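The values are calculated or read from the model by the stated rules, or taken from the named source; none is laboratory data. Quick caveat: nothing in here was measured; it's all calculated off a predicted structure. Using ideal geometry, Cβ is built from the backbone for each residue, glycine included, and neighbour counts are taken over all protein chains shown. Keep in mind that these areas ignore ligands, DNA and RNA; they rest on the heavy atoms of the full protein, side chains included. Shrake-Rupley method; radii C 1.70, N 1.55, O 1.52, S 1.80 Å.
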Amino acid sequence: MNINANKWRMPRRTFLKGLGATIALPWLEVMSASAKSVTNAGSMAASEIPRRSMFTYWGLGVEIRNFTPPDTGKDYSLTSSLQPLAPFKDDCTLLTGLRSYSGGHGSCCCMLTGINTFRNGKTLISVDQQLAEFHGNKTRYPSLVLGTVRETGFGSAAPTTLSWSRNNTPITPENRPEVLFEKLFGSEDNKTLAGAKQAFAERGSLLDSVRDQADALQRRVGKERLDQYFTSIRDLESRIKIEGEWLDRPKPKVPKPDFGPGSPRDRIHGDGQGFSEYTRMMFDMVALAFQTDSTRVVTHIPRTEGDEAHCYTYKTGSKWDLHTITHHNEQEDKLAMWRQLDALYLEEWAYFLGKLKGVKEGSGTLLDNTLAAWSTTNGGYNAHDSAQLPAILCGGAALGVKHQGHLVQKDVHLANVWQTIATRVGMPIPENFQGGEAKGVISELVA
């Protein structure tokens, strides 16, 4: 046995052992085996009102022909699929004709990063995490990453998340509304606070150890190969610093909702019963997080390409799952079912918009101070393409967005929509934003 051949081998958790720490670090070759109230957010000056953003991904897209109105402008006609938007028509712009870097299955990786796919190995930071860095320590949680699944991988393929950190790793979504509520608003007695402070001190001690080990390893393998590790450490330092600054600040007092027995996620039936209740609970948590200024940035995947797409069978009687419907081969019964489902799913989004619009904030509403995006990277007639994408940009009236009803943006990259959001929030646009795919803002929305 050649001992020297294994000299550099080490487990990936070399930096992670002890204290139950969880730090998402990039892969290195040396680790390889082969090597306030519920309806009022408060009154404040316009300059003090938080500027918020939310990005959602709806897997398997929509039946694009019925999701595209026959006319454009503010007085556009609502198709049957778009009827749930009727109360919010003046608060939204429907963009059609967009494109993304990749489309079809597993393409959510590129939605907020510009170019990440599980095939090309790109791992750029996502726009939500750039916005989180921009807001810094202004909120207890710089961002919330949510979804209907917690796994960051679909087998060995694409991560089921929209959010990628600066240290090139996907961020695991939280999918349990009851856990999310405890994180945001859970009670803090002296014992709980003391435990949190002790855990904080232990993480700081662990970080010192991680830094020392990284310095020692750098002397052995060289700086260039460890750049990502030092980026990870700096990212963790920043998070721990923000956590420490908020430890002695009390969490907002919010009445606890009735989540029922167990987790609402586990009460979704095979015929779709429970899905709407669960989805709305997740949206309720987002609305509360925004209202209490617990965060200003959220990503959420309310519908992936997997088992939650039950087609509301208890309502529709559908004999197909949504993925089968997208392979419709122009069969009218499948297309009709798809259009019906589009309207049902859009009702969930409309529910969330109603929650935001129902909260007064300053001289407007929570929706006026939030830019919320409904979007997908599943386009075309069968929702497996990267072109003919729809997106719905909602809210932001107080941020200077001028809604245009239905706006055609043929072959414009989704990244331009994100640049529009980031600019309205106030974030400086970095060089090579979205991997160079963003070419500017959607000018019609900010004219």
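Overview of results
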quantity	calculated
Qualifying positions in segment 374-409 - part of a loop (DSSP other than H, G, I, E, B), within 21 Å of T113 (Cα to Cα) and hydroxyl-bearing (S, T, Y)	T376, T377, S386
Of all residues making up segment 102-141, the number that are closer than 30 Å to D71 by Cβ and open to solvent by 20 Å² or more (accessible area, probe 1.4 Å)	1
Entirely in segment 270-332, the helices (runs of 4 or more DSSP H) that have 3 or more residues that are closer than 30 Å to V254 by Cβ and either open to solvent by 50 Å² or more (accessible area, probe 1.4 Å) or of a type outside the set (D, E) (or both)	275-291
Meets criteria (surrounded by fewer than 23 Cβ atoms within 10 Å (Cβ to Cβ), at pLDDT 95 or above, farther than 23 Å from A397 by Cα and under 21 Å from the mean Cα position of the chain (by Cα)) for R99	yes
Residues satisfying the stated conditions in segment 403-427, i.e. under 20 Å from R296 (Cα atoms) and charged (D, E, K, R)	R424
Positions within segment 274-291 being touching a strand residue (DSSP E or B) at 6+ places or on another chain (Cβ under 9 Å) and not aromatic (F, W, Y), in sequence order	T279, M282, M285, V286, A289, Q291
